[in-house]
Amino acid sequence: MPYYLFEESSLQVRIGKIICLARTYKKHAEEMGSVVIKEPLIFLKPASSVIFDRQSIVIPERAKEVHHEVELGVVIGKGGKKISEENAEEHILAYLLGLDITARDIQQEAKTHGWPWTAAKGFDTFCPISTVVTKEKVKDANNLSITLKVNDRVRQSSSTKNMIYPVEKIVALVSEIMTLERGDLILTGTPEGVGTIKPGDVIDAELGDICSLRVDVIEEGANKL
């Protein structure tokens, strides 16, 4: 099944790799008991984890503690390898708002054993994303408010200006490791305030005044009315 990003002008781009960064906000690293290292940690989520606005996050039976993480997403329009920070913008097609949903208990076990995080991050529905907004409509991706509410209560509230690495640096860093291709999505990491979600919750997130996202949470096997 193909998964596509959609933009107001009917631009259609198939989603490629979903590249996620960790420890890009100092306060979030601190709340997780982690240290900020020279470069962010990088992991991948499958395209099959994507859902869209007004759809549902499904809590899997094997996960006992699931957390929300709201993030700025960068959509690659022009591929490249070892992209310079100065040329990064020409490789960016658009931006969006994404949620990196995480089975925290499974992640903690993986951390304890030194295992990869894939099982904690890759469940179906664990990557809700908003409508895509082309870069021409975004004045400064490095200075956007980013917020998340659960049941109308603010959980996360910050700004992309608080990221340790600007967007251009992130694109350059990732392209040092892997070739970026059109349709690849980079989730740039989450600010502080992550917390538990459970069936029945409604999540609302906003990225400046450019895009928003609403999803609800259900348990595996539930029939949504």
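For the condition under 25 Å from residue 59 (Cβ atoms), of a type in the set (Gly, Ala, Ser) and modelled with pLDDT of 95 or more, residue 193 does not qualify. Each residue in the range 81-103 was checked for being on the phi < 0 side of the Ramachandran plot and either free of Cβ contacts under 8 Å to residues at least 24 places away in the same chain or surrounded by fewer than 19 Cβ atoms within 10 Å (Cβ to Cβ) (or both), and 7 pass.
Of these, 157, 145, which one is within 18 Å of the chain's Cα centre (by Cα) and surrounded by fewer than 15 Cβ atoms within 10 Å (Cβ to Cβ)? Don't jump to the end; show me each part of the working.
On the way: 157 fails: surrounded by fewer than 15 Cβ atoms within 10 Å (Cβ to Cβ).
The match here is 145.
Residues that are touching a His at 6+ places or on another chain (Cβ under 7 Å), at pLDDT 95 or above, crowded, with 21+ Cβ neighbours inside 10 Å and within 22 Å of residue 141 (Cα to Cα): does the range 18-25 have at least one? No.
Scanning the range 125-140 for residues that are in contact (Cβ under 8 Å) with a residue 40 or more places away in the chain and over 9 Å from residue 208 (Cβ atoms) returns 125, 126, 127, 128, 129, 130, 131, 132, 133, 134, 135, 137.
In the set 150, 132, 167, only one residue is of a type in the set (A, V, I, L, M, F, W, C), surrounded by 18 or more Cβ atoms within 10 Å (Cβ to Cβ) and more than 21 Å from residue 91 (Cβ to Cβ); that residue is 150.
Specify which of the listed residues (75, 50) is touching a Cys at 6+ places or on another chain (Cβ under 6 Å), of a type in the set (Val, Ile, Thr), touching a residue at least 60 places away in the same chain (Cβ under 8 Å) and within 25 Å of residue 12 (Cβ to Cβ). So that I can check it myself, show each step before the final result.
Working: 75 fails: touching a Cys at 6+ places or on another chain (Cβ under 6 Å).
Step by step, each of 75, 50 is checked, and only 50 is touching a Cys at 6+ places or on another chain (Cβ under 6 Å), of a type in the set (Val, Ile, Thr), touching a residue at least 60 places away in the same chain (Cβ under 8 Å) and within 25 Å of residue 12 (Cβ to Cβ).
Among the residues here, residue 175 does not qualify as farther than 17 Å from residue 128 by Cα, surrounded by 15 or more Cβ atoms within 10 Å (Cβ to Cβ) and out of contact with any helix residue (DSSP H, G or I) (no Cβ under 9 Å at 6 or more places or on another chain).
Which of the residues belonging to the range 37-52 are of a type in the set (A, V, I, L, M, F, W, C), within 17 Å of residue 170 (Cα to Cα) and surrounded by 17 or more Cβ atoms within 10 Å (Cβ to Cβ)?
Filtering the range 37-52 for residues of a type in the set (A, V, I, L, M, F, W, C) gives 37, 41-44, 47, 50-52.
Next, only the ones that are within 17 Å of residue 170 (Cα to Cα) stay: 37, 41-44.
The answer is 43, and nothing else.
The values are calculated or read from the model by the stated rules, or taken from the named source; none is laboratory data. Remember, it's a predicted structure, so these values are computed and weren't measured experimentally. Quick reminder, even Gly has a Cβ in these numbers, built from the backbone with ideal geometry, and neighbours come from all protein chains shown.
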